Amino acid sequence: MAEITDEDRERVKLLQQITASKNEFKKLSLEQLQRLQELVEKKDYSHDKKAHKSKMKLLGKINVRIYELTEGRGIWG
């Protein structure tokens, strides 16, 4: 069995935080979002098609939120 790294723990902690509530995702700072993006991108889910699809969907949401924070507004307003 593969060893659990500190990065794995950090990724899981951030993922648990955003899955606890829809509002938690918007509470993450820009730095936390960028770190989560980095950690999720590193993780290889190619062996599981459904997990890989979820990863890509999450990365899309993270990118949108980072854009909102850096532009200082939401996309539609």
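Where a number appears in this text, it was derived from the coordinates with a stated rule and is not lab data. Given the structure is predicted, the values throughout are model-derived calculations rather than measurements. Cβ atoms come from the backbone with ideal geometry, glycine included; neighbour counts cover every protein chain shown.
Helix 49-71 and the longest principal axis of the Cα set of the chain meet at an angle near 30°. In a DSSP loop and with at most 13 other Cβ atoms within 10 Å, the chymotrypsin sites (Phe, Trp or Tyr not before Pro) in the stretch 15-77 are 76.
Nothing charged except the Cβ atoms of Lys and Arg (+1) and of Asp and Glu (-1): what's the magnitude of the dipole of the stretch 1-58 about its Cα centre? Round to the nearest 20 debye.
460
Just to confirm the number: angle between the C-alpha axis of helix 6-19 and the first principal axis of the chain, 0 to 90 degrees, nearest 10? The angle comes out at about 50 degrees. Close amide H pairs (under 5 Å, H built 1.01 Å from N) link residue 45 with no residue at least 5 positions away or on another chain. In summary, the convex hull built on the alpha carbon positions of the chain has an orientation-averaged projected area of 5.8 nm².
For residue 5 and residue 21, calculate 0.36 nm times their separation in residues minus their Cα-Cα distance, and state this gained length in nm to one decimal.
Numbers: separation 16, 0.36 × 16 = 5.76 nm, distance 2.57 nm.
The residue 5-residue 21 span can extend by a further 3.2 nm.
Only lysine pairs 8 or more places apart, or on different chains, with alpha-carbon atoms under 16 angstrom apart are counted in the stretch 31-72, and they number 8.
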